[in-house]
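Working notes, structure below.
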Amino acid sequence: MPAKKPLVIVTRKLPDAIETRMRELFDTRLNHDDAPMSQADLIEAVKAADVLVPTVTDRIDSKVIVRAGANLKLIANFGTGVDNIDVKTALDKGITVTNTPGVLTEDTADMTMALILAVPRRLVEGVKELEADRFTGWSPSWMLGHRVQGKRLGIVGMGRIGQAVARRAKAFGLQIHYHNRKPVHANIERELEATYWESLDQMLARMDIVSVNCPHTPATYHLLSARRLKLMKPTAYIVNTARGEVIDENTLARMLEAGQLSGAGLDVFEHEPAVNPKLKKLKNVVLLPHMGSATIEGRMDMGEKVIINIKTFADGHKPPDRVIPAML
Ligand code: 8YV
């Protein structure tokens, strides 16, 4: 007799092909209308499920996890960042947590590079000028931005995405600097001609553009604090495609407003989906609705990773993308 299929509850609408495959392999409960689940819905889901597939919009905190039924054994996150999940409480309760690393790297790095170009070159401001019919003809002094080539880029977090940003930025003639818990392998440093800064403070004070590419963990919450933001040059730009919580958003907004920083490109926000109203009023920012990994290919790859993690686990093996406490 075939083994009973695990009950997999998926919190949001995933690509059709992924949902179809999940339904073939598992007893799958889908969210067809894609409405985000409330905390009460999530508790109902963990009470019933063998496997939960959440996304960044689901807060799987300790209050949810402690209510999980005895059969919940796997949280297979559809996403790389796991700051939406209280991983420690899950592991303590014997629940394995997996994520989808690697498959979002290039898309997120592309979006980061797009912001690194868009902010100093005033791309969105230009679009708005044209749309408002204010383009009355070329002028040598109109819409001047700043050259990117030759500037110093400071990457905060030199993991997969940070390195992918560095490769792109190097091709655009930027000088690569980075801060990380540890220096990357000497071969990578050489290939990228990258300079390691053990001191984040010292790096921030010298950069023209800073890109945030580290995960949000208790150790990186407000890593770019008010004190550190104030170390940056008033001519500097900041780009964040990682997590809003890494930057003190209020201070950032105030400093941009006061001209103490030149501009920002933000794909993520501290209280998503809310965006600080001060930021929305500024001209020198490009704000995106958390779309760094939003490609059809990326979503398919993420879904396939989720399926592999569940299938491997259901077959009695260790899933490949287990989140381990050392990562947090
Ligand atoms: C995903 C992300 O879209 O994977 C991540 O960490 O930030 C996003 O790009 C999201 O997490 C999906 O859950």
Practice item. State whether one or more residues within the stretch 217-231 are in the same structural domain as Glu249 (by TED's automatic domain parsing), crowded, with 21+ Cβ neighbours inside 10 Å, over 15 Å from the mean Cα position of the chain (by Cα) and more than 22 Å from Val103 (Cα to Cα). Key: yes
Point to revise | Which listed residue, of Val268, Val239, is part of a strand (DSSP E or B), under 22 Å from Glu125 (Cβ atoms), within 16 Å of the ligand (Cβ to nearest atom) and not polar (S, T, N, Q) | key: Val239
Check your understanding: Can you tell which of Val64, Val51 is surrounded by 17 or more Cβ atoms within 10 Å (Cβ to Cβ), in contact with a strand residue (DSSP E or B) (Cβ under 6 Å, 6 or more places away or on another chain) and not charged (D, E, K, R)?
Key -> Val51
**Study point:** Complete set of residues in the stretch 33-81 that are touching a residue at least 40 places away in the same chain (Cβ under 8 Å), away from the ligand (no atom under 12 Å from the Cβ) and farther than 19 Å from Asn309 by Cα
**Key:** Ala48
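For (1) closer than 26 Å to Asp92 by Cα; (2) in a helix (DSSP H, G or I), each residue gets a yes or a no:
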residue: Leu14; (1), (2): no, no
residue: Glu24; (1), (2): no, yes
residue: Asn31; (1), (2): no, no
residue: Ala40; (1), (2): yes, yes
Exercise for review: Could you please find all residues in the stretch 103-147 being touching a strand residue (DSSP E or B) at 6+ places or on another chain (Cβ under 8 Å) and assigned to a loop (DSSP other than H, G, I, E, B)?
Suggested key: Val119, Pro120
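Is it the case that the stretch 132-141 has a residue that's of a type outside the set (Phe, Trp, Tyr) and closer than 30 Å to Glu297 by Cβ?
There is no residue in the stretch 132-141 that is of a type outside the set (Phe, Trp, Tyr) and closer than 30 Å to Glu297 by Cβ.
Quick check on my filter: what residues within the stretch 82-115 are of a type in the set (S, T, N, Q) and within 12 Å of the ligand (Cβ to nearest atom)? Walk me through it before giving the result.
The first filter runs over the stretch 82-115 and keeps only residues of a type in the set (S, T, N, Q), leaving 84, 89, 96, 98-100, 105, 108, 112.
Within the stretch 82-115, Asn84, Asn99, Thr100, Thr105, Thr108, Thr112 qualify.
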Exercise for review: Filter the stretch 272-294 for residues that are within 15 Å of the ligand (Cβ to nearest atom) and either surrounded by fewer than 17 Cβ atoms within 10 Å (Cβ to Cβ) or of a type in the set (A, V, I, L, M, F, W, C) (or both) and give the result.
Suggested key: Glu272, Pro273, Leu288, Pro289, Met291, Ala294
Point to revise | Pairs, first in a helix (DSSP H, G or I) in the stretch 87-102, second of a type in the set (Gly, Ala, Ser), C-beta under 7 Å, six or more apart | key: Thr89/Ser62
Study note, to complete from the structure: Of the residues in the stretch 294-319, those that are touching a residue at least 40 places away in the same chain (Cβ under 8 Å) and farther than 17 Å from Gly94 by Cα number 15
Practice item. Inspect the stretch 311-323 for any residue being assigned by TED's automatic domain parsing to the domain that holds Val97, among the small types (Gly, Ala, Ser), on the phi > 0 side of the Ramachandran plot and at pLDDT 95 or above and give the result as yes or no. Key: yes
Review point. Among the small types (Gly, Ala, Ser) and farther than 30 Å from Phe269 by Cα: does that describe Ala3?
Key: yes
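Being farther than 22 Å from Ala326 by Cβ and in contact (Cβ under 8 Å) with a residue 60 or more places away in the chain is the requirement here; does Gly263 meet it?
So Gly263 fits the description; yes.
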Practice item. Filter the stretch 298-328 for residues that are loosely packed, with under 12 Cβ neighbours inside 10 Å and in a helix (DSSP H, G or I) and give the result. Key: Pro325, Ala326
Point to revise | Filtered residue count, the stretch 242-262, keeping only those that are in a loop (DSSP other than H, G, I, E, B) and either crowded, with 16+ Cβ neighbours inside 10 Å or in the same structural domain as Asp86 (by TED's automatic domain parsing) (or both) | key: 6
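The values are calculated or read from the model by the stated rules, or taken from the named source; none is laboratory data. Bear in mind the structure is a predicted one, so any value in this text is a computation, not a measurement. So basically every Cβ, Gly included, is an ideal-geometry build from the backbone, and we count neighbours across all protein chains shown.
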